[in-house]
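What follows is a single structure, written as structure tokens, with notes after it.
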Amino acid sequence: MGAGVATILLDRGGGQRQPGAHPGTLLPQSLGDRGPAPGAVASGSPDHGDRPRGRRPLYPGDLPVAVGALRGVFIALSESPRARRFVLRNRISRRASRRFVAGETLADGLAAVRALNQAGLHASLNYLGEKTTSPAEAEQAAARYLEILAAVTGERLDCNLSIKLSQLGAAGDPALAEALLRRILAAARATDTFVRIDMEESALVDPTLTLWRRVWQDGFRNVGLVIQAYLRRSRADLEALVGEGVRIRLVKGAYLEPPQVAFPRKADVDAEYG
């Protein structure tokens, strides 16, 4: 079986947790940082002792269809504390999410990474949370990313870090977001860790590409990008980036966008992969 990648999403709020621990969920990706994963959709949660009865790890190939349908749900959960509380408190939705949930603490997320590494899969940790609205919140998010980075590198796990620039204040204070991004990239480079910048809604595409280019031109080569195939602009973006040597993950995209911005038909989105 070819190597794949699993993205483990760590929620910034909700649920009981141990001191210093962070809730977490696991969302699969079908395209890894080291290239496509032939015949595999890497996903799952670790089979460790404190898992709920009846829950089992998910294996490559389990979720080729469900992932796309659920991606938008996880985006909503990442941005809405109310939605997260509903899922955590509702027995039915909580049971349904167990197939995708690695755990509710950073320790559980690390356990998932270990299990995936043992199965020959690479992993990517993604700290979820709504957009920050103040410098203090952005600083807190950056500190959380650095904490996750230290935990991963401390165990020498085969895992990179995925970040959302909206959590670093990109929408309201690009200068602060750049400073925090540089701080994270410098720490990651010191430990030979790769960082992937997630692409968010269309309004943040240009700010994301601008910040990426600024750090890239300053020599940070441990940073990559995500491009969303459903955006009409993405083919031109890819053509502009192809000569840069940046590592790109191509995903379908799931943010709600108007038809003049994103292809509304699945067939058109699929064609963008050709």
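Between ARG156 and ALA143, the distance separating the two model label sites (each 7 Å from Cα on the Cα→Cβ line) works out to 3.1 nm. Give me the percent of DSSP beta bridges within region 131-274 that run antiparallel, rounded to the nearest 5. Bridges in region 131-274 that DSSP calls antiparallel: roughly 10 percent. Shape of region 131-274 from its Cα gyration tensor (a ≥ b ≥ c, root eigenvalues): rounded if a/c is under 1.5, otherwise prolate when a/b > b/c, or oblate? Prolate is the answer for region 131-274, as a/c is 1.5 or above and a/b outweighs b/c. Cβ crowding within 10 Å ranks TYR255, TYR145, TYR273 as TYR273, TYR255, TYR145, fewest other Cβ atoms first.
Put simply, the amide H of ARG249, placed in the peptide plane, has neighbours under 5 Å in LEU225, VAL226, ILE227, leaving out anything fewer than 5 places away on its chain.
If the segment from ALA236 to ALA203 were pulled out straight at 0.36 nm per residue, it would be longer than the present Cα-Cα gap by 10.2 nm. Taking θ as phi - 60° and the Karplus parameters 6.51, -1.76 and 1.60, the scalar couplings of region 232-244 work out to 5, 7, 5, 4, 5, 4, 4, 4, 6, 8, 4, x, 7 Hz in sequence order, x denoting glycine and proline.
Bear in mind these aren't lab numbers, they're just calculated from the coordinates by the rules spelled out. This one's a predicted model, so the numbers in the text were calculated from it and none came from an experiment. Using ideal geometry, Cβ is built from the backbone for each residue, glycine included, and neighbour counts are taken over all protein chains shown.
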